[in-house]
Amino acid sequence: MADSSTQSITIGAPPERVVAVICDFPRYPEWTGTMRRVEVLARDEDGHASQVRFTLDAGVLADEYVLAYSYAEDLSRIEWRLVAPSRMQRAQRGAYDVVGNPDGTCTVTYTLEVDLAVGMLGMFRRKAEKMIMDTALKQLKHRVEVPGATR
């Protein structure tokens, strides 16, 4: 598996609001630029999505894959892994860690590890991961801070 990358952002909302947006998978296409379709395939005993199918279209990068999710009891950590290799990915692991701050904001840390099925030099892979993570965190921040906002 490839090295993991990590980025953080502060969002002007309490953790519960951020977690609600992260866990509302079917609405991802409304506020992410690359998700064309997201479908919850299974739920755990608490009602959280445990398997989710994503259809991604980012121009030259198009893929369909299923992620398995697990959740910390207090929802402060949401983890996922790729269920089976896809056209573009051999493996993927990731997590959101959501921590409340004393001022009512929260810090979201995104960790991502992707093993692509297509060859890519390490420096290009790291740059692509950074861009994906930066975009994801900024879009999440915008969606949480401006409810109802779309891309």
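If the condition is being over 16 Å from the mean Cα position of the chain (by Cα), open to solvent by less than 30 Å² (accessible area, probe 1.4 Å) and modelled with pLDDT under 95, then the range 57-111 contributes Ser86, Met88. Restricting attention to the range 25-54, the residues that are under 16 Å from Leu75 (Cα atoms) and touching a helix residue (DSSP H, G or I) at 6+ places or on another chain (Cβ under 9 Å) total 1. Assuming Glu45 fulfils every condition listed in (1) at pLDDT 95 or above; (2) over 14 Å from Gly94 (Cβ atoms); (3) of a type in the set (D, E, K, R); (4) part of a strand (DSSP E or B) apart from one, which condition is it? Exception for Glu45: condition (4). Residues that are open to solvent by less than 70 Å² (accessible area, probe 1.4 Å) and either of a type in the set (D, E, K, R) or within 17 Å of Leu140 (Cα to Cα) (or both) occur in the range 41-51; there is at least one.
The values are calculated or read from the model by the stated rules, or taken from the named source; none is laboratory data. Keep in mind that this is a model prediction, so the values were computed, not measured. Heads up, the Cβs are rebuilt from the backbone with ideal geometry, glycines too, and the neighbour counts pull from every protein chain shown. For the accessible areas, the whole protein counts, side chains as well, though only heavy atoms, and no ligand, DNA or RNA atoms are used. Shrake-Rupley method; radii C 1.70, N 1.55, O 1.52, S 1.80 Å.
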